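The structure appears below as structure tokens.
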Amino acid sequence: MIGLWIRNLLYWVVLIIATPVFFLLLMLAAPLPRRSRHVFGVTWAMTLLWMLEHVIGLKYKVIGAENIPSAPSVITSKHQSGWETLALQKIFPWQVYVAKRELTWIPLFGWGLVLMNPIIINRSDRARANQRLLDQGLERKRHGFWITVFPEGTRTKPGVGGKYKLGAARMAKQFDMPMVPVAHNAGEFWPRNAFLKYPGEITVVIGPAIHPDEETGPEAMMAEAEAWIEARQREIGGVGPFAHPDEKRQRLAPPASA
């Protein structure tokens, strides 16, 4: 346990040092084109991801990488921890996130986030949030960015499903972009708001793209994505120290006799 604390302290030291350094680089790069300054934010994320893998021992594997489309798409991912906000930037091409306005108020991190071109929404004003989602999303697509959305809107505990909102499907439909569902079990190793991250292997599963068509509305598209994601969550869950008890029991249960 002492070793785990030491490794996590090293991670936090690097985070504390790297964040203002990359923020200053982003500030200096502010006059540059969007895709040029984007590299500084991605490098910050890759630095932390390297620390998680090589210092904490939190590794990961990706299943279904062949399902990643060649054209910019809407990434529709499960949200359990801070890990996926880093790792998705390595797994997929350069992307922007749909983020709540409150994140931009965090000193350094929030200011740097603004320079990374996120789609900022005010969740307390739902009507305007939906319109801003569509307006900003179309503008980001024109710049060649992928769009990452956590449709549940907030982090959920492993084994718990949130309410899937329609923003990702609406963008995919209106912008004629594929919607790519993503499942993972990162929350079993990095609980919400936890200081300690635990070693292990996270599984990320990328599903076949859901393509918009004239007959299928956003509701049906999101229902398909939700069904696929939640089914995969049950398959890969139950392995980490913070897994849901029911998923742990299911994984440990002996196979039924023929």
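The values are calculated or read from the model by the stated rules, or taken from the named source; none is laboratory data. For clarity, every value in this text was computed on a predicted model and none was experimentally measured. Because the Cβ atoms are built from the backbone with ideal geometry, glycine has one as well, and the counts that use them run over all protein chains shown. Please note that ligands, DNA and RNA were not included when accessible areas were found on the heavy atoms of the full protein model with its side chains. Shrake-Rupley method; radii C 1.70, N 1.55, O 1.52, S 1.80 Å.
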Within the bounds of segment 212-228, is there any residue that is aromatic (Phe, Trp, Tyr) and part of a loop (DSSP other than H, G, I, E, B)? no
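Condition check ((1) aliphatic (A, V, I, L, M); (2) in a helix (DSSP H, G or I)) across all residues:
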| site | (1), (2) |
| --- | --- |
| ILE6 | yes, yes |
| ILE17 | yes, yes |
| LEU26 | yes, yes |
| LEU32 | yes, no |
| LEU48 | yes, yes |
| GLU53 | no, yes |
| VAL62 | yes, no |
For segment 205-221, state whether one or more residues are closer than 21 Å to GLY57 by Cα and at pLDDT 95 or above. yes
Result of the Cβ filter at 9 Å on segment 25-42, keeping first residues that are under 22 Å from LYS141 (Cβ atoms) and open to solvent by less than 40 Å² (accessible area, probe 1.4 Å) and partners that are charged (D, E, K, R) and modelled with pLDDT of 85 or more, at least 6 apart or interchain, is VAL42/LYS90
If you check LEU88, LEU58, LEU48, LEU26, which single one turns out to be at pLDDT below 95 and of a type outside the set (Asp, Glu)? LEU26
Pairs under 6 Å by beta carbon, first residue among the charged types (D, E, K, R) in segment 224-235, partner not in a helix (DSSP H, G or I), six or more apart or different chains? GLU224/ILE210; GLU226/TYR164; GLU230/GLY161; ARG232/ALA183; ARG232/VAL205
Would you mention how many residues in segment 183-207 are open to solvent by 40 Å² or more (accessible area, probe 1.4 Å) and either within 17 Å of the chain's Cα centre (by Cα) or among the charged types (D, E, K, R) (or both)? 3
Residues in segment 110-160 that are within 16 Å of VAL182 (Cα to Cα) and small (Gly, Ala, Ser) total 2
Across segment 163-174, the tally of residues that are more than 17 Å from GLN80 (Cβ to Cβ) and in a loop (DSSP other than H, G, I, E, B) stands at 1
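Residue-wise test of (1) open to solvent by less than 30 Å² (accessible area, probe 1.4 Å); (2) in contact (Cβ under 8 Å) with a residue 12 or more places away in the chain; (3) under 20 Å from ALA87 (Cα atoms).
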position: MET1; (1), (2), (3): no, no, no
position: LEU9; (1), (2), (3): no, no, no
position: PRO20; (1), (2), (3): no, yes, no
position: PHE23; (1), (2), (3): yes, yes, yes
position: LEU48; (1), (2), (3): yes, yes, yes
Give just the number: which of (1) within 21 Å of TRP146 (Cβ to Cβ); (2) of a type in the set (Ser, Thr, Tyr); (3) at pLDDT 85 or above does THR19 not satisfy? (1)
Only one of ARG249, ARG192, ARG234, ARG170 is touching a Lys or Arg at 6+ places or on another chain (Cβ under 6 Å) and either acidic (Asp, Glu) or modelled with pLDDT under 95 (or both). Can you tell me which? ARG192
